[in-house]
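Every number in this text was worked out from the coordinates using simple rules, so none of it is lab data. Computed from a prediction, not measured in an experiment: that's the story for all the values here.
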Amino acid sequence: MPAVRSIPVDDLREPFYEFRFFFEAGVHVCLWSANEDARHCFGYPVPLRDLILPRDLTLWGEALMERWDDAVGWYGPPMPWNEGEEAYFHGEVGRFLDALERALGREYRLIRCGPWAGSSG
C-alpha cells in the first residue's frame, strides 16, 4: 500500500491577491502587489494590462495615470488643478476603483492608499 502524503492546508487554498493602489509618477502603474500570492503571480508593480479586465476599464485607469503625471509635471511643467478639478479627479479615481473592485472579483483585494484610503464602494 503506498504511503499517503500529507498536503499542507495552505497548498489547498485558492490564491488571494492583494494590491495596493497609489499613483507613482512616470511609472504608468497604479497597482502594487501587497501579498506573496500577488507577488508570485504578478511581480511587484502590476500593470493594468496584465490583468483580465474589460478594455474600457484598463483605458480608464491608464487615462487617470496620465492625468496624474500631467498634474505633477512628470513629462513637462506641472499642470496643477484648481480645487474643483482636484475634487473631480479624486471622485473619478474613486469611481474607477469601485469599478475595478467589481471587475476583479472576490479573489482580489485593493488596499486604497493616499487620498483614497478608507474609501470603498
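Give the percent of DSSP beta bridges with both residues in the chain that are antiparallel, rounded to the nearest 5.
Rounded to the nearest five, the antiparallel share is 50 percent.
Using only Cα atoms, tell me the angle between helix 83-104 and the longest principal axis of the chain; keep it within 0 to 90° and round to the nearest 10.
20 degrees
Say we join alpha carbon atoms closer than 10 Å with springs in a Gaussian network model of the chain; which of ASP50, ASP69, ASP98 then has the biggest fluctuation?
Most flexible of the set in this elastic network: ASP50.
Compute the helix-to-body angle for 55-72: its Cα long axis versus the longest principal axis of the chain, expressed 0 to 90° and rounded to tens.
Between the helix axis and the principal axis of the chain, the angle is about 50 degrees.
222 nm [θ] for the chain, helices only, -39500 (n - 2.57) per DSSP H run of 4+, per residue, to 500?
Values: 4 runs with 51 residues, N = 121.
Roughly -13500 deg cm²/dmol at 222 nm, from the helical runs in the chain.
If the viscosity is 1.002 mPa s and the temperature 20 °C, what translational diffusion coefficient in µm²/s does Stokes-Einstein give for the range 16-116 when Rh comes from Kirkwood over Cα pairs?
153 µm²/s
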